[in-house]
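Engineer: I have a structure here, written as structure tokens, and I will follow up with some questions on it.
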């Protein structure tokens, strides 16, 4: 009697083999992003060891982040798929009902599986990333109390020849409707930011540009949003009075915003009150930091990526990034130097990410060349 020891044909073994193969593929594709998580964890551990007064990490925040992000990503993915399929239907101009054609196109969308296999691992990486980011951001005042606001005000005065930047902008930005539109554009940043992240994450191909954007996005949030924000801990012009910087040179700006709020809703004022309530313990903390400006950094990052898709869309996002810079000052969120520092740091991180992305995709280019050479050789043999 013989005993069959060939376990490899068992269904369970095949499933585990498939899982291991997929995990290796994810690590190979998204290894740079996984490395940023490792860097982030190392930073958190180092700070926890150095500063005992940091708040405890709440593991349930991971669940909250996952649910919140699913609420954003889910509709975004549906919108992207429907938009792509709608575009295909419009171009093909099918006979009969356009609605039926659109449903058939969505149902048979061949790229959906590729998008999900590319995007879901990025989202799985992003959830702990954004959770750790928020944890570090809320702990900045505990580690390094706001100490740079007065200095940044003086830097702004030195750059703008003795005046504050908002004073130059006030003749236009003091108009209630203009500041309202600027606030709307400033809030649209959130949707554009998530939209860019989702679009690159769920793109059909794991291209070098995709890797570059995602890596620069992660590094921007770590370097600018956590590390430099901790080193240059500051609250921002809107909180000058609250942190005791009196007389407050930004009081005229805040008074102007409140007057505009009586005509059109200025959402920034509500958000600023919410952030301060979190800081003083009247609600869950969300984190306050001004220098460098993550709003400006991400707007710059979107402009850099958009430029790769064409001059027109690139210029559109350059104008938008300038508008965000103006808005960050006129809404009281940032000092001008917050954006001026964020710009070169973002450009440096974009360049670094480009170098790393090219290095990471070297094997892909080599494989493509081998495949092309093999195809040419096969074609040559077929004519002999």
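The values are calculated or read from the model by the stated rules, or taken from the named source; none is laboratory data. These figures come from a predicted structure and were not determined experimentally. Glycine gets a Cβ as well: all are built from the backbone with ideal geometry, and neighbour counts include every protein chain shown.
Engineer: Just a yes or no: is a residue in segment 134-142 free of Cβ contacts under 8 Å to residues at least 40 places away in the same chain, surrounded by fewer than 19 Cβ atoms within 10 Å (Cβ to Cβ) and either out of contact with any strand residue (DSSP E or B) (no Cβ under 9 Å at 6 or more places or on another chain) or closer than 30 Å to residue 51 by Cβ (or both)?
Structural biologist: no
Engineer: From (1) modelled with pLDDT of 95 or more; (2) part of a loop (DSSP other than H, G, I, E, B), pick out the condition that doesn't hold for residue 384.
Structural biologist: (1)
Engineer: Here's something else I'd like to know. Quick one: how many residues across segment 280-310 are closer than 20 Å to residue 230 by Cα and buried (at least 20 other Cβ atoms within 10 Å of the Cβ)?
Structural biologist: 11
Engineer: Would you check if residue 52 is modelled with pLDDT of 85 or more and surrounded by fewer than 10 Cβ atoms within 10 Å (Cβ to Cβ)?
Structural biologist: So residue 52 fits the description; yes.
Engineer: Grab the helices (runs of 4 or more DSSP H) fully contained in segment 119-220, keeping just those with 2 or more residues being within 20 Å of residue 305 (Cβ to Cβ) and at pLDDT below 95.
Structural biologist: 176-201
Engineer: Can I ask one more? Which residues, counting only those in segment 80-99, are part of a helix (DSSP H, G or I) and either modelled with pLDDT under 75 or surrounded by 13 or more Cβ atoms within 10 Å (Cβ to Cβ) (or both)?
Structural biologist: 80, 81, 82, 84, 85, 86, 87, 88, 89, 98
Let's see how each residue does on (1) in contact with a strand residue (DSSP E or B) (Cβ under 8 Å, 6 or more places away or on another chain); (2) crowded, with 17+ Cβ neighbours inside 10 Å; (3) under 20 Å from residue 33 (Cα atoms); (4) touching a residue at least 24 places away in the same chain (Cβ under 8 Å):
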residue: 179; (1), (2), (3), (4): no, yes, no, yes
residue: 206; (1), (2), (3), (4): no, yes, yes, yes
residue: 213; (1), (2), (3), (4): no, yes, yes, yes
residue: 222; (1), (2), (3), (4): no, yes, yes, yes
residue: 232; (1), (2), (3), (4): no, yes, no, yes
residue: 251; (1), (2), (3), (4): no, no, no, no
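Engineer: If residue 243 meets every condition in (1) assigned to a helix (DSSP H, G or I); (2) under 27 Å from residue 165 (Cβ atoms) apart from one, which number is that one?
Structural biologist: (1)
Engineer: Checking the structure you have, find out if any residue of segment 183-192 is within 29 Å of residue 42 (Cβ to Cβ) and either over 25 Å from the mean Cα position of the chain (by Cα) or surrounded by fewer than 20 Cβ atoms within 10 Å (Cβ to Cβ) (or both).
Structural biologist: Looking through segment 183-192, at least one residue is within 29 Å of residue 42 (Cβ to Cβ) and either over 25 Å from the mean Cα position of the chain (by Cα) or surrounded by fewer than 20 Cβ atoms within 10 Å (Cβ to Cβ) (or both).
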